[in-house]
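Here the structure comes first, spelled out in structure tokens, and everything after it is commentary.
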Amino acid sequence: MRKITLYLCVILTSSAISQNDDWNITTTNNTNYTGIVVANGRIGILPSEKPFQIEQIILNNVYDKASPLGVSRILKGMNFGNLDVEIDGELIASNNIDDWKQTLNMKEASFTTSFTFKNKAEISYTIYALRNVPYSGYIDISIVAKQSVTVKVTGKIETSEEYQDPLSTFRVLKDHLTTMPILQTVAKSKFGRHVVATSSTFIWHDINSTREQQRPKLTHNKISDYNNQLTFEKTISSGSTLDFAWTSAQCSTQDFHDPQNESERFVIFNLLTPREDLLNQHKKLWEDLWEGDIIIEGDLQSQQDVRLALYHLYAFSRGDSDLSIAPMGLSSQNYNGHIFWDTELWMYPPLLLLNQDIARSLVNYRSDRLEKAKQKALNFGFKGAMFPWESDDTGEEATPAWALTGTFEHHITADVAIAFWNYYRVTKDKLWLEERGYPLLKEIADYWISRVTKNDDGSYSIKNVVGANEFAQNIDDNAFTNGSAITALRFAVLAAKELGLVINKEWKHVADNIKIHRFPDGTTMEHSKYDGDRIKQADVNLLSFPLDIINDEQTILKDLKYYEPKLAKEGPAMGKSVFAVIYARLGDAENAFRLFKESYEPNKRPPFGALAEAATSNNPYFVTGAGGMLQTVLFGFGGLHLTDEGIIQVNPILPKKWKSLTLKGIGVKNKTFVIRP
């Protein structure tokens, strides 16, 4: 297991601020504020509008129980990002600064705040969740004195009272002539499942020079074991600049046997690595990520919206982790940080096109938990593998018991299989298919064989489920559940053929005979007794895209026109993106663009455009919705299709406002597709 370490560093330079453009979103409005997370797939750091403050830190894949009788919940880490900065004895706060500005630089994954303090100083700081040191954050700070001032800075490790038995210390480690001051807090998570350790220090960028004796003296002040502080004070002459950093590392026993010592090592690494080298490594890794990109010419707002969506997918994932992405990524504890179908059906397809390393991590997350899925199937009287509706680090069902989705929303098992075959379609990685892909596809196919009920007419039904439209519960023959099961069974047949293995004939027979109900006019019914109720999100229409089970234009249009008016306003963002993709594939750019915008614009929250789950909610960042809007661009306007021959392009189409659409880094050959009117 590996430990979770967090590093935070602040850089204060006015030149770090950019105006709104393809890569930067800038605001000077701090009212009605929703921040944007900086993250690296291991930690998420949520900045605040308040100077030198961080709202929270989220630790990926680190769980403890939310309550004595509750389910698991992702951990909110110790907050190492809050600094107290005083100038001439006055604490910098929102009410005594001017010219406040914040910029998210999506290209470099950095978040910069700048302001002036009276007529005394210009201040700027930049927050990074280091991609190259993934358990860490880095805040790089610069203070330019307009007159001679005395600066006092206090860095803190603030531990929530949910943690148990915190031990807060300060030590100065030494190796030959190098001194390494380490502020540290170690504590147990709420119910003792994990030990979490946070180490922090200030960085002076001449650390390897002979001027070590000229650095400010550090003072340790332990307010309590829940509030551990380190302070320095320095006078800056008029026209001079004070550059320094605050860095922290946060590790847990989820990832490391010895989080306490490992967190110190990360801090020491950041302390002794020159700033330029450390940050250039981070930027280079993000440059590599952006080899997979979407470029829109002629519509800056759409470009920013799409880039922000893709930024979040990259920020919440890693190609070296074998971890998945929760609906809110690393922005909050919403949905307890559990993994849903949101990953396989909504976030995964764009990543599969643009970054196969991350896509492989997402599918490997499931195959690593295959044994638990097999146990679940057995426990419910079925064969094969049955995946949980909500998954955590264990692979067991993590849905609260009161939610019927955890017991009855079974399409998740088929969604996982669909993602697996699509990974092979794109990569043609036969060794992966043999070792990870087919073993899972086989178990899922066997599950559906045992899950169906044979009808008197020889057809098969899947009874008593919750479908994608979760407003309808304990129903029979839900359209998407049945369609996804059909697809999973057919994909298992294809995988067996690819490997030259004996095929279970029942897989094809059952797939060919699972019922899909229709109204007398041919419109697809959402379930066997559906009578026109409003729906939470797309269900039937998923049979057109992405399943391609309904592929005749007449039925596709009937289903579109019937179900779009039934989408609930409080439904999640990704619902309308499905309709948008289908209209684009039908050649209707006007309706496609209308639904593309409707799928996310009402959910944007100021000032950066963070997406809430629904137009009526305020729980950003909803990365599932980001995945949906990206699919509209890639699979709708871009015309890309996943086939057994790989990625192909069929009839791309552009909205009137767009001058061109460029899709970069597509597939294993990093192809570029350029679409023009």
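The values are calculated or read from the model by the stated rules, or taken from the named source; none is laboratory data. Only a predicted model underlies this, so the values are computations on that prediction, with no experimental measurement involved. Here the Cβ positions follow ideal geometry from the backbone for every residue, glycine too, while neighbour counts run over all protein chains shown.
Limited to region 23-60, what total is found for residues that are part of a loop (DSSP other than H, G, I, E, B), surrounded by fewer than 23 Cβ atoms within 10 Å (Cβ to Cβ) and modelled with pLDDT of 95 or more? So the answer is 8. All of LYS505, LYS463 fail the test of being under 30 Å from ASP533 (Cβ atoms), surrounded by fewer than 19 Cβ atoms within 10 Å (Cβ to Cβ) and out of contact with any Leu (no Cβ under 9 Å at 6 or more places or on another chain), apart from LYS463.
Out of the residues in region 61-81 meeting the condition of being small (Gly, Ala, Ser) and closer than 24 Å to VAL38 by Cβ, tell me which one is surrounded by the fewest Cβ atoms within 10 Å (Cβ to Cβ). Only one residue fits best here, namely GLY77. The selection criterion, being part of a helix (DSSP H, G or I), touching a helix residue (DSSP H, G or I) at 6+ places or on another chain (Cβ under 8 Å), in contact (Cβ under 8 Å) with a residue 12 or more places away in the chain and not acidic (Asp, Glu), does not hold for ALA326. Summed over region 462-501, the residues that are aromatic (Phe, Trp, Tyr) and more than 26 Å from PRO439 (Cα to Cα) give a count of 1. Restricting LEU499, LEU489 to those that are on the phi < 0 side of the Ramachandran plot, crowded, with 17+ Cβ neighbours inside 10 Å and in contact with a helix residue (DSSP H, G or I) (Cβ under 7 Å, 6 or more places away or on another chain) reduces the list to LEU489. Please tell me if ARG451 is basic (Lys, Arg), more than 27 Å from the chain's Cα centre (by Cα) and either at negative phi or at pLDDT 95 or above (or both). So ARG451 passes the test. Evaluation of LYS174 against the conditions (1) part of a loop (DSSP other than H, G, I, E, B); (2) more than 30 Å from the chain's Cα centre (by Cα); (3) of a type outside the set (Asp, Glu) shows that the sole unmet condition is (1).
Among the residues of region 64-90, write down those that are outside any loop (DSSP other than H, G, I, E, B) and over 13 Å from GLU162 (Cβ atoms). Correct list: SER72, LEU83, ASP84, VAL85, GLU86, ILE87, GLU90. The residue that is nearest to ARG193 (Cα to Cα), among those in region 375-410 that are touching a Gly at 6+ places or on another chain (Cβ under 7 Å) and not in a loop (DSSP other than H, G, I, E, B), is GLU397. Among the residues of region 387-425, those identified as more than 24 Å from the chain's Cα centre (by Cα) and within 24 Å of ASP477 (Cβ to Cβ) are LEU404, THR407, PHE408. Considering region 238-252, and only residues there that are in contact with a Cys (Cβ under 7 Å, 6 or more places away or on another chain) and not aromatic (Phe, Trp, Tyr), the residue that is surrounded by the fewest Cβ atoms within 10 Å (Cβ to Cβ) turns out to be ALA245. Looking at region 82-96, is at least one residue polar (S, T, N, Q), crowded, with 21+ Cβ neighbours inside 10 Å and within 21 Å of VAL149 (Cβ to Cβ)? Scanning region 82-96 turns up no residue that is polar (S, T, N, Q), crowded, with 21+ Cβ neighbours inside 10 Å and within 21 Å of VAL149 (Cβ to Cβ). Within region 262-311, the set of residues being farther than 28 Å from LEU611 by Cα, part of a helix (DSSP H, G or I), among the polar types (S, T, N, Q) and without any contact (Cβ under 8 Å) to a residue 12 or more places away in the chain comprises just one member, ASN280. Scanning region 538-573 for residues that are of a type in the set (S, T, N, Q) and within 29 Å of the chain's Cα centre (by Cα) yields ASN541, SER544.
Per-residue answers, yes or no, for (1) surrounded by 21 or more Cβ atoms within 10 Å (Cβ to Cβ); (2) touching a Cys at 6+ places or on another chain (Cβ under 9 Å); (3) modelled with pLDDT under 95; (4) more than 27 Å from PRO607 (Cβ to Cβ):
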{"site": "PHE269", "(1), (2), (3), (4)": "no, no, no, yes"}
{"site": "ASP277", "(1), (2), (3), (4)": "no, no, no, yes"}
{"site": "LYS284", "(1), (2), (3), (4)": "no, no, no, yes"}
{"site": "LEU289", "(1), (2), (3), (4)": "yes, no, no, no"}
{"site": "ILE296", "(1), (2), (3), (4)": "yes, no, no, no"}
{"site": "LEU300", "(1), (2), (3), (4)": "no, no, no, no"}
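Counting only strands (runs of 3 or more DSSP E) wholly contained in region 559-674, the ones carrying 3 or more residues that are at negative phi and in contact (Cβ under 8 Å) with a residue 24 or more places away in the chain occupy 640-643, 660-666.
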